[in-house]
Amino acid sequence: MLLIMNFFKIKKYGPIINFFESKYSNDRISKRFRIKKKFRKINLIYLVASNSILQDIGKNKNYLKLSQESNNAGSFQLVKGKNLPFANFSLIPNYSPSKLSKNICFSRCLRNEFCSFVVYTNDVCSLHTEYALNRLVVDTNMKVVFRKKFIIDSSCMNGATCVNKLDEYVCLCGDGFFGTNCEKNINSYSCPTDNYRLNETDSCKPCMTGFTTFNSYPFNCYKLDGNKNYESAKLFCQSLNSFLWRPKTLTERNIFKQHWPWAESKITYVGQPFVWPDGSKVYGIRDGEPNNIGGNIYLLNENALMPHDSFFGDSSDQSEFLTICQQLS
């Protein structure tokens, strides 16, 4: 059973928790809860919500210590009988396992969008990506893997998918929409052929020489130039004072959905998440990808990002795919 609390209200899932008291009358965040059953009998592992880490709530074991870190709430649920194929497999970027309390460990995972689960054993915390989550191995009686789950209170519109982060959410817009909540229709901001605009408030202007618009998409111009390996394609685009294609939205990916082009993202180790050059996470990866065909959990073979049919997969950077250069803003 999973218990959930968010910043503004309490949700009750079965007869497990009830409101006990407000420690601070003017603070909606700091609440105490009493568990009607002993904690060890509940399948909830941890609960996280809002601004600071609470200390032990007395010595009464019937109180649940809450780890509170942001305006969005999340929880961790035990994945029984599973473990990593080997230590430190598919760690999140720029992270090394460290000795931490469990509540701080879980809070760090919630704050990091690349973290999908925690391995917590002998007071050592390690944070891992979704790639590792799909490659856990059976390890009978192990109770060290805790999967992150977010509470989603979505404001996204027009069929968008909500990605809930701490202190913010991101809407992954459907085809033809954009904006913070995907509330804007791209067709309302069209430009003449081979003209583009930087954003909805900008006026239309001509594309760079040799670049053109496609599918009436008004927010960038592109140049196609045949098949190259990844590094050659990237260097070619740079020589034109542009960069290799970075289709962050579904609308952009659909422009060239029937092609097999490169996208500008590359990894250096097995399980490393694909990110854009600005450090943001790549969304829209196809189910079952990245699959690192020709490699294994130790050896990286498919290290570059390649979209097709609106979704991303991985491929070796030595393969040759269509070069799409994207105009600088």
Of the residues Arg135, Arg147, which is assigned to a strand (DSSP E or B) and of a type outside the set (Phe, Trp, Tyr)? Arg147
Flagged in the stretch 137-184 as open to solvent by less than 30 Å² (accessible area, probe 1.4 Å), at pLDDT 90 or above and on the phi < 0 side of the Ramachandran plot, in numbering order, are Val144, Val145, Phe146, Cys156, Ala160, Cys171, Cys173, Gly174
Go through the stretch 154-189 and count every residue that is among the small types (Gly, Ala, Ser) and outside any loop (DSSP other than H, G, I, E, B). 1
Need at least 3 residues that are open to solvent by less than 20 Å² (accessible area, probe 1.4 Å) per element, so show me which strands (runs of 3 or more DSSP E) inside the stretch 209-281 make the cut, counting only ones lying wholly within it. 263-266
Please go through the stretch 193-208 and give me each residue that is assigned to a loop (DSSP other than H, G, I, E, B) and not aliphatic (A, V, I, L, M), ordered by number. Thr193, Asp194, Arg197, Asn199, Glu200, Thr201, Asp202, Ser203, Cys204, Cys207
Taking Leu84 as the residue in question, decide whether it is open to solvent by 10 Å² or more (accessible area, probe 1.4 Å), modelled with pLDDT of 90 or more, touching a helix residue (DSSP H, G or I) at 6+ places or on another chain (Cβ under 7 Å) and not charged (D, E, K, R). yes
Failed item, numbered, when Phe89 is tested on (1) in a loop (DSSP other than H, G, I, E, B); (2) modelled with pLDDT under 90: (2)
Would you point out the residue of the stretch 217-231, among those that are within 29 Å of the chain's Cα centre (by Cα) and of a type outside the set (D, E, K, R), that is farthest from Glu302 (Cα to Cα)? Pro218
Given (1) under 26 Å from Gly313 (Cα atoms); (2) touching a residue at least 40 places away in the same chain (Cβ under 8 Å); (3) polar (S, T, N, Q), where does Gln238 come up short, assuming only one miss? (2)
Between a first residue in the stretch 246-265 that is farther than 20 Å from Cys162 by Cα and a second residue that is part of a helix (DSSP H, G or I) and charged (D, E, K, R), which pairs have beta carbons less than 7 Å apart while being 6 or more apart in sequence or on different chains? Glu264/Lys234
Could you give every pair whose Cβ atoms fall below 6 Å, whose first residue belongs to the stretch 205-226 and is of a type in the set (Lys, Arg), and whose second residue is surrounded by 12 or more Cβ atoms within 10 Å (Cβ to Cβ), counting only separations of at least 6 or pairs across chains? Lys223/Gly210; Lys223/Phe211; Lys223/Cys325
Has the stretch 277-295 got at least one residue that is among the hydrophobic types (A, V, I, L, M, F, W, C) and touching a helix residue (DSSP H, G or I) at 6+ places or on another chain (Cβ under 7 Å)? no
When you scan the stretch 286-303, do you find a residue that is modelled with pLDDT of 95 or more, closer than 23 Å to Phe214 by Cα and polar (S, T, N, Q), even just one? no
Run down Ile324, Ile297, Ile293 and say which single residue is farther than 21 Å from Cys221 by Cβ and crowded, with 17+ Cβ neighbours inside 10 Å. Ile297
Flag for Ser265 being over 20 Å from Cys115 (Cα atoms) and hydroxyl-bearing (Ser, Thr, Tyr): no
Options Asp194, Asp175, Asp123: the member that is within 30 Å of Pro218 (Cβ to Cβ) and in contact with a strand residue (DSSP E or B) (Cβ under 9 Å, 6 or more places away or on another chain): Asp194
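The values are calculated or read from the model by the stated rules, or taken from the named source; none is laboratory data. Being a predicted model, the structure only gives us computed values, none of them experimental. Positions of Cβ are generated from backbone atoms using ideal geometry, with glycine treated the same way; all protein chains shown enter the neighbour counts. Heads up: the accessible areas ignore ligands, DNA and RNA and are worked out on the full protein's heavy atoms, side chains in. Shrake-Rupley method; radii C 1.70, N 1.55, O 1.52, S 1.80 Å.
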